[in-house]
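First the structure, in the form of structure tokens, and then the observations on it.
The values are calculated or read from the model by the stated rules, or taken from the named source; none is laboratory data. If you're wondering where the values come from, they're calculated on a predicted model, not measured in any experiment. As a convention, Cβ positions derive from the backbone with ideal geometry for all residues, glycine included, and neighbour counts pool all protein chains shown.
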Amino acid sequence: MSVFSPSIAPNFNEEESDGPNPTAMMMNKFLETRTVLIFGGVDQRLSERVATQILYLDHVSHDPIRLMINSPGGHVESGDTLHDLINYIESPVAVVGTGWVASIATHIFLGVPKEQRFCLPNTRFLIHQPSGGAGGKASDIAIQAEEIVKMRERIAHKIAEATGQSLERVLKDIDRDYWMSTKEAKEYGILGTVINKASEVSF
């Protein structure tokens, strides 16, 4: 087994900071436990940070990685990167939801097999269709609308594939915000196991 070496770990201190950034320093400490956090909105910056951490840990060794998610969702393509990256690396990944796992964050959550999807007891889940603020010329608005429809179909296929639900049901459910408790998410096929302790996470 490869040993984690903090001396060669990527440094996630914010460039704008005049001194040590406590949050960034804590992120670096989490790498020692092979734990990666997705907290807050998913955007290009978060996606880059999480991707860097995951790729680094996979380079160090192929030991399991724990990915914790508390997110309202955000940018679809940034979420796509993380969803695909989980399957790209060799290290097994377990996801642990906490707080809320919503929108594109649910898409990331579904990037691992069901038996590797966990959450803490008070987590809520949300699936819905993508949205966008179309603007500009009428022809450009039409193109954007067409792309959103394609994105909706693609995400619905992924949800159906990962949960065992029919595509028809998923398309109907994501037409509006579809909130789920842990019990409902488990019945739907999104969630594998509700846990109370870190020791209950298995790979």
Practice problem: Check whether at least one residue in region 143-156 is modelled with pLDDT of 95 or more, surrounded by 17 or more Cβ atoms within 10 Å (Cβ to Cβ) and of a type in the set (D, E, K, R), and report yes or no. | Solution: no
Quiz item: When only residues in region 36-82 that are among the hydroxyl-bearing types (Ser, Thr, Tyr) and touching a helix residue (DSSP H, G or I) at 6+ places or on another chain (Cβ under 6 Å) count, which is farthest from Val201 (Cα to Cα)?
Solution: Ser78
Quiz item: Has region 53-67 got any residue that is among the hydrophobic types (A, V, I, L, M, F, W, C), surrounded by fewer than 18 Cβ atoms within 10 Å (Cβ to Cβ) and within 11 Å of the chain's Cα centre (by Cα)?
Solution: no
Quiz item: Do you know which of the residues in region 12-50 that are closer than 29 Å to His107 by Cβ and of a type in the set (D, E, K, R) is modelled with the lowest pLDDT?
Solution: Glu14
Quiz prompt | Single condition Phe109 does not satisfy, out of (1) touching a strand residue (DSSP E or B) at 6+ places or on another chain (Cβ under 9 Å); (2) among the aromatic types (Phe, Trp, Tyr); (3) more than 16 Å from Met180 (Cβ to Cβ) | solution = (3)
Self-check item: Filtered residues of region 19-36 (kept if without any contact (Cβ under 8 Å) to a residue 24 or more places away in the chain and outside any helix (DSSP H, G or I))
Solution: Gly19, Pro20, Asn21
Self-check item: Residue match in region 2-11 (condition: at pLDDT below 75 and either among the acidic types (Asp, Glu) or within 29 Å of Ser103 (Cβ to Cβ) (or both))
Solution: yes
Quiz item: When you go through Leu46, Leu31 one by one, which is the residue that is crowded, with 18+ Cβ neighbours inside 10 Å and in contact with a strand residue (DSSP E or B) (Cβ under 9 Å, 6 or more places away or on another chain)?
Solution: Leu46
Quiz item: What residue, among those in region 124-141 that are of a type outside the set (Lys, Arg) and exposed (fewer than 11 other Cβ atoms within 10 Å of the Cβ), is modelled with the lowest pLDDT?
Solution: Gly133
